[in-house]
Amino acid sequence: MSDIINNKCTGCSVINGDLVPVGGWIYETENFVLAQDAEVMIEGFLIIQSKKHVNSLLGFSEEENLELANLLYKTRKALNELNICEEVTIVQEERSKHFHIWLFPYYDWMKEKFGKGVKYLRDINQFVMENETEENRQKVLDTCDKLKRYFADK
Ligand SMILES: [Zn+2]
């Protein structure tokens, strides 16, 4: 096996169950997992991550890439059909060791407080982590439940 399980890898910790994101796994395919971001309590801030420890789309077969594309599409569609958010920013950084895609929802308060665009994402995350409330956490959990029901019906 070329996939070395690195205990320090957050991605591997989620896959092997050592780190459980809020709300648990929302949905799972053969090679990918969909979950709420484990650290930032923004409702609908979702992460698709691979079960394999690779850093790039290039680490997947063509079939796995199709599986991923389908999951990305379904997830984006779910955010729309469940009226969670209207606009999403999608990010995948190869400098991160374990492949994951961020689906970052855009809400009006973000624009008002920070501005609009990729360059504000880290500031927004920082702000939300520093101002976490129980109410917000509950909203995130409710959204996870909605998404789980949505995927269970598909
Ligand atoms: Zn990993």
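Readers should treat all values here as calculations from the given coordinates under stated rules, not as data from a laboratory. Treat the numbers as computed from the prediction; the structure is a model and nothing was measured. For neighbour counting, all protein chains shown are included, and Cβ atoms are generated from backbone atoms with ideal geometry for every residue, glycine included.
Numerical summary
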| read-out | value |
| --- | --- |
| Exposure proxy order (Cβ contacts within 10 Å, fewest to most) of 133, 89, 75 | 133, 89, 75 |
| Hz values of 3J(HN,Hα) by residue in region 139-144 - Karplus curve (6.51, -1.76, 1.60), Gly and Pro given as x | 4, 4, 4, 4, 5, 4 |
| Residues 101, 90, sorted so that the one with the fewest Cβ neighbours within 10 Å comes first | 90, 101 |
| Long-range lysine pairs (8 or more apart or interchain), the chain, Cα under 16 Å | 14 |
| Approximate shape of region 31-112 as ellipsoid semi-axes (Cα gyration tensor, √5λ), whole Å, largest first | 23, 14, 10 |
| Among 48, 26, 15: highest mean-square fluctuation, GNM of the chain, C-alpha pairs under 10 Å | 15 |
| Förster radius 30 Å - calculated FRET efficiency between residue 97 and residue 69, Cβ distance, rounded to 0.05 | 0.85 |
| Cut-off under 5 Å, modelled amide H: who pairs with residue 26 long-range | 34, 35, 36 |
| Highest-MSF residue in the chain out of 117, 24, 11 [GNM, Cα springs under 10 Å] | 117 |
| Cβ-based exposure ranking for 109, 25, 102, in which fewest neighbours within 10 Å come first | 109, 25, 102 |
| Global form of region 52-154, assessed from the alpha-carbon gyration tensor, a/c cut-off 1.5 | oblate |
| Debye, to nearest 20: dipole size of the chain, +1 on Lys, Arg Cβ, -1 on Asp, Glu Cβ | 180 |
| Note, ³J(HN,Hα) from phi for region 90-97, Karplus 6.51, -1.76, 1.60, rounded to Hz, x at Gly and Pro | 10, 10, 9, 10, 6, 6, 6, 6 |
